[in-house]
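Since the structure comes first, as structure tokens, the remarks are kept for the end.
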Amino acid sequence: MSDPRAHDFVWISDRSVLQSDDTLPAWVNTGWRTSLPLVVRRDKRADGAIPVGIRGLTRIQRAAAWIDPAVVVRVVSPESLVSDVNALLHSPFVSQQPVQALITLSSLNLPFQWGVTGSCAYALVSDLPVMHADSDLDLLVRCDTPVDASRFSDFYDQLQRLPCRTDVQINTPQGGFALSEWLRGGDVMLKTASGPQLVRDPWQLPAD
């Protein structure tokens, strides 16, 4: 099993393994079950624990926790959720515009690895009705090595023709940043495990 990365979904078999810096809200005990995924978030701890987010049924039901890597029983990546168009077609959310947009994107033979995150991804892995009619589509693009922003111009133009609003985050080994901000030029806000940093090169963190 590969090490989980930010935005991956992970499953545990026992709620008691959830660790928290604060007391977890009551809804975690009453409304969350281990058949539901946790979402890997960006943070770090000296002991190597995995930072995860817990989602409830409403937008305000969000909680942060930590888990030991040894308790993970399953990992699903954002990329794997769009690898099977037939699975998307049989999703109970296929009538939603974000899923229709995913099917369109899957047919474009894009030149980079990409996946879906946010509420659409959570709906696909959990079968919970966490989407609504005007939900945005959140996408992730993996870029482990530096590329020029111009390579994404055509892709960005295609996004504007999709039937829903789309937000794209580019992920580098250092963190993640918004594609729209990068295409405007100048510095970008890079979300890292140590917090946000304003950088010129998202593949190279500034020296301390």
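The values are calculated or read from the model by the stated rules, or taken from the named source; none is laboratory data. Since the structure is predicted, the reported quantities are computational estimates derived from the model, not experimental observations. All Cβ positions, even for glycine, are placed from backbone atoms using ideal geometry, and neighbour counts span all protein chains on display. Note: areas computed on protein heavy atoms with side chains; ligands, DNA, RNA excluded. Shrake-Rupley method; radii C 1.70, N 1.55, O 1.52, S 1.80 Å.
Helix content alone sets the calculated 222 nm mean residue ellipticity of the chain: runs of n ≥ 4 DSSP H residues at -39500 (n - 2.57) each, divided across all residues, give -5000 deg cm²/dmol. With the Cα gyration tensor of the chain giving a ≥ b ≥ c as the square roots of its eigenvalues, does the rule (a/c under 1.5 for rounded; else a/b larger than b/c for prolate; else oblate) give rounded, prolate or oblate? Oblate, since a/c reaches 1.5 and b/c is not below a/b.
Think of region 1-157 as a dipole: +1 on every Lys or Arg Cβ, -1 on every Asp or Glu Cβ, centred on the Cα centre; then among Pro146, Ala101, Met131, Met131 lies furthest on the positive end. Projecting the Cα atoms of Gln61, Ser35, Ala49 onto the charge dipole of region 31-73, computed from C-beta unit charges around the Cα centre, puts Gln61 farthest toward the positive end.
Under a point-charge model restricted to the Cβ atoms of Lys and Arg (+1) and Asp and Glu (-1), what is the dipole moment magnitude of region 87-177 relative to its Cα centre, in debye to the nearest 20? Mind dumping the intermediate values first?
Details: 4 positive and 9 negative charges, 23 e Å.
I would put it at about 100 debye.
Placing unit charges on the Cβ atoms of the charged side chains and taking the dipole of the chain about its Cα centre, the candidate lying farthest along the positive direction among Thr117, Gly186, Thr23 is Thr23. In whole Å, how far is the Cα centre of region 156-208 from that of region 1-30? Using only Cα atoms to place each centre, the spacing works out to 26 Å. Net length available on complete extension from Ala193 to Ala87 is 34.9 nm, with 0.36 nm assigned per residue and the Cα-Cα distance removed. About the centre of its Cα atoms, the chain shows a dipole size close to 320 debye [charges on the beta carbon of Lys, Arg (+1) and Asp, Glu (-1) only; nearest 20 debye].
The mean sequence separation of alpha-carbon pairs under 8 Å and at least six residues apart, normalised by the residue count of the chain, gives a relative contact order of 16 percent.
Placing dummy labels 7 Å off each Cα toward the beta-carbon, the span from Asp14 to Thr145 is 4.4 nm. Remark: the chain carries 53 Å² of accessible area per residue (probe radius 1.4 Å; ligands, DNA and RNA excluded).
Roughly how many debye, to the nearest 20, is the charge dipole of region 1-100 about its Cα centre, given +1 on each Lys and Arg Cβ, -1 on each Asp and Glu Cβ, and no other charges?
Working: 11 positive and 10 negative charges, 57 e Å.
That gives a dipole near 280 debye.
Taking the mean number of other Cβ atoms within 10 Å as a proxy for protection, how do you rank 44-52, 115-123 from highest to lowest?
Details: 44-52: 14.3, 115-123: 23.2.
Output ranking for 44-52, 115-123: 115-123, 44-52.
Using the Cβ-Cβ distance between Asn109 and Arg184 with R0 set to 30 Å, the FRET efficiency from 1/(1 + (r/R0)^6) comes to roughly 0.65. The fraction of accessible area contributed by carbon and sulfur in region 8-63 is 50 percent, rounded to a whole number (1.4 Å probe; ligands and nucleic acids excluded). The share of accessible area on region 82-132 that comes from carbon and sulfur is 49 percent, using a 1.4 angstrom probe.
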